[in-house]
Structure formats: C-alpha cells, structure tokens
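Heads up: the structure comes next, in structure tokens.
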Amino acid sequence: MYRFLLTPRWWGINVFLLLAIPFCVFMGSWQLGRFEDRVDSHRDAEERIASDQREAARPLDDLLPVTKATSGKQTTASGRYDTQLLVPDRKLDDRDGYYVLTLLRTDTGRALPVVRGWLPGDPDPAEVPPVPAGEVTVTGALQASETPGSNGVSARGGLPEGQTSAISAASLVNLVPYDVYDAWVTLNRGDSGMKPVPASAPSGTGLDLKAFQNLGYTAEWFAFVGFVIFMWFRLLRRELELARDAELGLVTDEDGDDADDAPRQPTGVSSPVQ
C-alpha cells in the first residue's frame with residue numbers, strides 16, 4: 001500500500017519536505033535571535049542612560065559627533081539663550097504636551113538646541129516661562145538630531161511660526177540666521193518649574209517597528225513549518241485512500257480511462273437507437 005512512496009513524484013515531495021523544514025526552522029531561529037538582540041540592546045541602552053546620569057559632565061566638543069557611545073552622556077555648555085521654539089505632539093507620562101526648545105548661542109558662533117522642559121496641553125507661548133537672561137551654563141544629556149517620521153517624531157508641516165516638529169540641525173537651520181550644532185541637550189532639571197525631558201536611547205537600540213517585524217517573521221517561518229507538514233500528511237492520506245480503493249476494486253485504471261474517454265451527452269438527451 002505504501003509502494004507509492006517510492007515513485008519519483010513522492011521522492012521529490014519527500015526531499016522538499018526534508019529540505020524545507022530545517023530551512024524554515026533556521027530562518028525562524030535567526031529572526032528570533034535578531035529580536036532578542038534588539039531586546040538586549042534596548043535593555044543595555046536604558047541601563048547605560050541611567051549610569052550616564054551619574055557620570056561627571058564633559059565639555060560638549062569632547063562628545064561630538066554624537067554616536068551610540070556618546071548619546072546620553074552628560075555634557076555641559078555655556079552661552080546666552082536666544083531663539084525659543086515650541087515642539088508640539090510630545091508625550092510625557094502618557095500625557096500630551098510640548099517641549100520648550102531654546103537655542104544657546106555659544107562662543108563658537110554656533111547654537112546648541114536645549115530642551116529646557118516639557119509642558120502639558122497645546123503649545124502656547126503665553127504659558128512658557130521666560131528665557132533666563134545673561135550668561136548661563138547648562139548641564140544635561142546629549143542627544144542626536146531627530147529624524148522626522150521616525151521614533152515617534154512628527155513629520156507634519158505647516159506649523160505656526162515659533163514651532164518646529166523635529167529637533168534637528170536640518171530643520172532649525174531654516175528657522176534661525178546662524179549655524180546650529182548637529183545635536184541637542186535635554187536638561188537634567190526642568191527650567192523654571194517645567195518637567196525635565198528624559199534622555200532617549202540611541203537610534204537602533206529601541207524596541208521599534210523593526211524589532212517587532214523580526215518577531216512577526218519568526219512566527220511566519222515556524223507557521224510555514226506546520227503548513228508544510230500538514231500538506232504532506234494531507235497528500236499522504238489522499239494517496240492511501242486511493243491505494244485502498246484500488247485494492248478493494250472500487251477504482252481501476254481501466255475504469256478511470258474509460259470514464260475519461262467516454263463521450264458526454266447533455267442531460268435529458270437519450271442516445272439515438274442504432
């Protein structure tokens with residue numbers, strides 16, 4: 001009854017099964033490993049942010065350009081506050097609000113974007129505490145320029161004057177008449193009673209869309225293993241049923257050929273009498 005397994009057709013099916021299953025298991029395990037690596041990277045980044053807050057602040061120029069190694073490090077800079085902008089659509093503690101971003105003009109001639117704090121509600125210049133006058137020294141966590149449309153950063157345009165959607169040199173250079181550092185700082189203590197904005201993990205270390213795509217691909221590869229096995233058993237059962245019917249004489253090759261070769265007639269029309 002199982003002699004059909006030795007036919008070339010079933011040799012091909014069995015070889016495909018033996019190759020497909022380990023390949024799918026390998027790909028599923030690889031995607032799962034990628035997801036676990038991102039989880040570990042996210043955990044390490046959060047732990048490093050916490051440890052960076054306990055380190056002594058270093059001069060800004062010593063930490064530039066911003067990399068995964070320097071993102072979140074404590075830095076300090078001195079200068080005078082200049083242009084102030086509001087950054088809408090920013091959540092903190094699951095509440096809607098906005099960042100208060102002020103550009104610090106340094107002795108280098110460039111300006112450092114400084115997030116002085118967060119306020120709830122819609123951006124309202126009347127609610128924002130006044131900018132400190134005179135020479136100031138700021139201390140906070142160094143952050144890389146944001147990319148609109150990624151990591152929850154809004155990419156919408158048409159904002160009112162005095163607002164920006166992303167904290168990046170590419171966006172700010174069009175709003176101020178001086179050069180801007182390709183980085184920004186979030187103060188450890190919110191200025192004038194505002195809530196401080198916590199430092200975020202470097203790009204590529206968070207549990208973002210790519211991480212959960214890896215998890216989804218893992219499920220797909222393992223589901224395909226089950227599908228391949230299911231289809232193999234379904235084909236096997238079908239062949240066994242045909243073989244059993246043939247042994248019982250219910251189906252013969254001649255009957256099958258005669259049934260295929262017999263002319264078909266429309267229903268209700270009788271054959272002419274010879």
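The values are calculated or read from the model by the stated rules, or taken from the named source; none is laboratory data. Note that the structure is predicted; figures quoted are calculated from it, not measured. Note that each Cβ is placed from the backbone with ideal geometry, even for glycine, and that neighbours are counted across all protein chains shown.
Residues to consider are R43, R34; find the one that is without any contact (Cβ under 8 Å) to a residue 40 or more places away in the chain, basic (K, R) and outside any strand (DSSP E or B).
R43
Is it true that Y178 is of a type in the set (F, W, Y), surrounded by 12 or more Cβ atoms within 10 Å (Cβ to Cβ) and assigned to a loop (DSSP other than H, G, I, E, B)?
yes
Against the definition (closer than 17 Å to L86 by Cα and either in a helix (DSSP H, G or I) or at pLDDT below 90 (or both)), how does G157 come out, yes or no?
yes
Among the residues of the stretch 6-35, how many are charged (D, E, K, R) and out of contact with any helix residue (DSSP H, G or I) (no Cβ under 9 Å at 6 or more places or on another chain)?
Result for the stretch 6-35: 1.
Starting from residues that are under 14 Å from V185 (Cα atoms) and either of a type in the set (G, A, S) or touching a Phe, Trp or Tyr at 6+ places or on another chain (Cβ under 9 Å) (or both), keep the ones in the stretch 75-86 and report whichever is surrounded by the fewest Cβ atoms within 10 Å (Cβ to Cβ).
S78
Hey, any hits in the stretch 27-34 for a residue that's within 23 Å of the chain's Cα centre (by Cα) and outside the structural domain of Y217 (by TED's automatic domain parsing)?
no
Among the strands (runs of 3 or more DSSP E) contained in the stretch 90-146, which hold 3 or more residues that are farther than 26 Å from S78 by Cβ?
95-105
Looking for something in contact with a Lys or Arg (Cβ under 9 Å, 6 or more places away or on another chain) and either at pLDDT below 90 or hydrophobic (A, V, I, L, M, F, W, C) (or both) - is there at least one such residue anywhere in the stretch 253-268?
No, the stretch 253-268 contains no residue that is in contact with a Lys or Arg (Cβ under 9 Å, 6 or more places away or on another chain) and either at pLDDT below 90 or hydrophobic (A, V, I, L, M, F, W, C) (or both).
I'd like the full set of residues that are modelled with pLDDT of 95 or more and over 33 Å from the mean Cα position of the chain (by Cα), limited to the stretch 107-134.
The answer is none; no residue qualifies.
When you check G152 against the structure, is it at pLDDT below 95 and outside any loop (DSSP other than H, G, I, E, B), yes or no?
No; evaluated as a whole, the condition is false for this residue.
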